[in-house]
Amino acid sequence: MEKLIIEASINESARKEDNPHVPYGPEEGARDGIAAAKAGAAIIHYHPRDEEGQNLWHLGTEMYLECYRLIREECPDVLVYPTQRGAHEENTPHLFELARDEEEGLELATVDIFPEEGITGHDGSFVAKLLEDLRALNVSYSIGVRHTGHMRHIARFHEQGLIGDKLIMKIFWNEFSLGPPPGIDGLKMYLDLLPPGLECQWFNTVYDGLPGEPTLRRT
């Protein structure tokens, strides 16, 4: 069987009201991250949350660092990485704070192409600059897509040399109408739009459930 890389996204925006085991603070995040790593996960993704469950997003650098430190004390080989919310400068300072931290550092990030200005209005210039800055700090990254139109940005980043010979692409599927329908046909729609000659390693992230399935309430 082909080897797989398993990533455990241990909390995202899920709340304890929906599942009392959802981790919030760094100690709870580390507890579940360690358990996931010992069960076979190679990558841990954690969102810092306050006691009320509110996502701290880019404001939670110290919580990220504490969670990562606790995980690596027991599982030193696991990769851990933060969230990136929105294609705007004010949403990304934690990436650089983590990357410059002398003890923990940052090896991996996911850079999401968000359609916040509209699918046609978002020119991708900030994302391109973010990729350049992360590369300068030796941070590897996957690129997150939520709509087939984002593949046009992928092609542009490839032309600009911001994607090497192999793209690591994170496909977000959700219950909303944005993007192709979840499934093999939807996946083919993304892969058919890859630039010629660009190898792609893709993986899926499903959040908020799918149509007809229970969903987790978002913050």
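FYI, it's all coordinate maths here, none of it is from the lab. Just so you know, these numbers come straight off a predicted model, no measurement behind them. FYI the Cβ positions are ideal-geometry reconstructions off the backbone, even for glycines, and counts take in every protein chain you see.
In table form, for the structure just shown:
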| item | result |
| --- | --- |
| GNM top mover of GLU159, GLU107, GLU12 - the chain, alpha-carbon springs below 10 Å | GLU159 |
| Choice from GLY53, GLY197, GLY179 with maximal GNM fluctuation in the chain (Cα, 10 Å cutoff) | GLY197 |
| Three-way shape label, the range 55-205, alpha-carbon gyration tensor, a/c 1.5 | prolate |
| Descending principal axes extents, the range 1-79, alpha-carbon based, whole Å | 42, 26, 19 |
| Estimated inter-spin distance, GLU97 and ASP185, nm [label 7 Å along Cα→Cβ] | 4.5 nm |
| Distance in nm between pseudo-label sites at VAL206 and ALA155 (7 Å out along the Cβ direction from Cα) | 3.0 nm |
| Flagged links, alpha-carbon separation over 31 Å, of LYS129/LYS188; LYS38/LYS188; LYS129/LYS170 | LYS38/LYS188 |
